[in-house]
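Participant: Quick one: structure below, then a few questions.
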Amino acid sequence: MRDFEGKTAVVTGGASGMGLAFARRFAAEGMNVVLADIEADALNTQVTRLEQEERNVLGVIVNTMRRETLENLRDEAIDRFGNIHILCNNAGVASLDDAGMTSGEILGPWDVPDSTWDWVMGVNFWGVLYGCQVFIPHMLDHGEEGHIVNTASVAGLIPGGGAYGVSKHGVLALTEGIYQSFEAMGAKLSASVLCPGLVNTNIGHAERNRPSEFGAPVDPNDEAREGLLSMLSGGMDPEQVAGIVFDSIVEQRCYILPHTSWDDFVRGRVDNILARGAPLTLDFEELMRRRAAGEQV
């Protein structure tokens, strides 16, 4: 996809972080942008800001765990701007009771509460799937060039059995299948899966939006909270990720890996798989040393 002027992009999780950075980049390219988010106040703030910059923007409150809210998002976007050309399924959450984050203990996937599995998988995987199911038929029907970007994580490329990692592995496999289906159909659409490392976003505060039916928001100990937020605050700038994503849409790349520091680990994982060996273990201390030396991890 190379012609962006006057086209329309829809971005979930669009009121902050990477989603907002994507929307701002699309708007700078002359696109109409539709911001979708579960947080009304943050959404209204960013819509107002873009309107003040004389961008064509629409904000829609969405809970991506509910297919009907995505159907409403599609309908409102079409009513306002017509055909939709780019869809970024970007909304995502991470739970502080996934993988022992609140206690520092070594926990297995069986220790993660069902409510956490339901919430994290509901947003990170089912929300992406619902977005694809709702928007892709429309994008195929209008027959114009377009692109799907599904946000996974480097966690979708490395071993890990917590709810977050499993959800991101699912997004990776789903996107590969969508990409191959578009190619086989000869569609004017393509698809990318975004697998970043640490990015300076609000995902460390995701518990604030945890619905009550999926358990009370976790109140982590200070050390765990500060450790997570410190890692994220030193992560890649969302605007830098947005630039890489935009270039990948132009070049129709399926895999978007902004953090090259993970390349050797991903390669090593594949080597271990082909050797029929054990899962590769991440040396977290070495990763943090590389980060302290200035690498983006």
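The values are calculated or read from the model by the stated rules, or taken from the named source; none is laboratory data. Keep in mind the model is a prediction, meaning the values are calculated, not measured. We place every Cβ from the backbone using ideal geometry, glycine too, and count neighbours over all the protein chains shown.
Participant: Return only the number of the condition from (1) more than 26 Å from residue 28 (Cβ to Cβ); (2) at pLDDT below 95; (3) of a type in the set (A, V, I, L, M) that residue 274 does not satisfy.
Facilitator: Failing condition for residue 274: (2).
Participant: Which of the residues spanning region 249-261 are surrounded by fewer than 21 Cβ atoms within 10 Å (Cβ to Cβ) and in a helix (DSSP H, G or I)?
Facilitator: Answer for region 249-261, where residues must be surrounded by fewer than 21 Cβ atoms within 10 Å (Cβ to Cβ) and in a helix (DSSP H, G or I): 250, 251, 260, 261.
Participant: Which residue pairs have Cβ atoms under 6 Å apart, sit 6 or more places apart or on different chains, and have a first residue in region 64-87 that is closer than 21 Å to residue 123 by Cβ and a second that is part of a loop (DSSP other than H, G, I, E, B)?
Facilitator: 64/91; 69/62; 69/63; 73/62; 77/84
Every residue, every condition in (1) outside any loop (DSSP other than H, G, I, E, B); (2) over 18 Å from the mean Cα position of the chain (by Cα); (3) at pLDDT 70 or above; (4) under 25 Å from residue 208 (Cβ atoms), yes or no:
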residue: 219; (1), (2), (3), (4): no, yes, no, yes
residue: 226; (1), (2), (3), (4): yes, yes, no, yes
residue: 232; (1), (2), (3), (4): yes, no, yes, yes
residue: 243; (1), (2), (3), (4): yes, no, yes, no
residue: 247; (1), (2), (3), (4): yes, no, yes, no
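Participant: Working only within region 37-84, note down all residues that are over 14 Å from residue 20 (Cβ atoms), of a type in the set (A, V, I, L, M) and over 21 Å from the mean Cα position of the chain (by Cα).
Facilitator: 78, the sole residue that qualifies.
Participant: Within region 158-191, how many residues turn out to be closer than 22 Å to residue 237 by Cβ and either in contact with a Phe, Trp or Tyr (Cβ under 7 Å, 6 or more places away or on another chain) or surrounded by fewer than 22 Cβ atoms within 10 Å (Cβ to Cβ) (or both)?
Facilitator: Number satisfying all stated conditions: 0.
Participant: Is it true that some residue in region 281-297 is touching a residue at least 24 places away in the same chain (Cβ under 8 Å) and within 20 Å of residue 151 (Cβ to Cβ)?
Facilitator: Yes; the residues of region 281-297 include at least one that is touching a residue at least 24 places away in the same chain (Cβ under 8 Å) and within 20 Å of residue 151 (Cβ to Cβ).
Participant: Return yes or no: is residue 58 part of a strand (DSSP E or B) and surrounded by fewer than 23 Cβ atoms within 10 Å (Cβ to Cβ)? Break it down stepwise before answering.
Facilitator: Numbers: part of a strand (DSSP E or B): yes; surrounded by fewer than 23 Cβ atoms within 10 Å (Cβ to Cβ): yes.
Criteria met by residue 58.
Participant: Is it the case that residue 98 is farther than 15 Å from residue 174 by Cβ and surrounded by fewer than 16 Cβ atoms within 10 Å (Cβ to Cβ)?
Facilitator: Details: farther than 15 Å from residue 174 by Cβ: yes; surrounded by fewer than 16 Cβ atoms within 10 Å (Cβ to Cβ): no.
Judged against the criteria, residue 98 is not a match.
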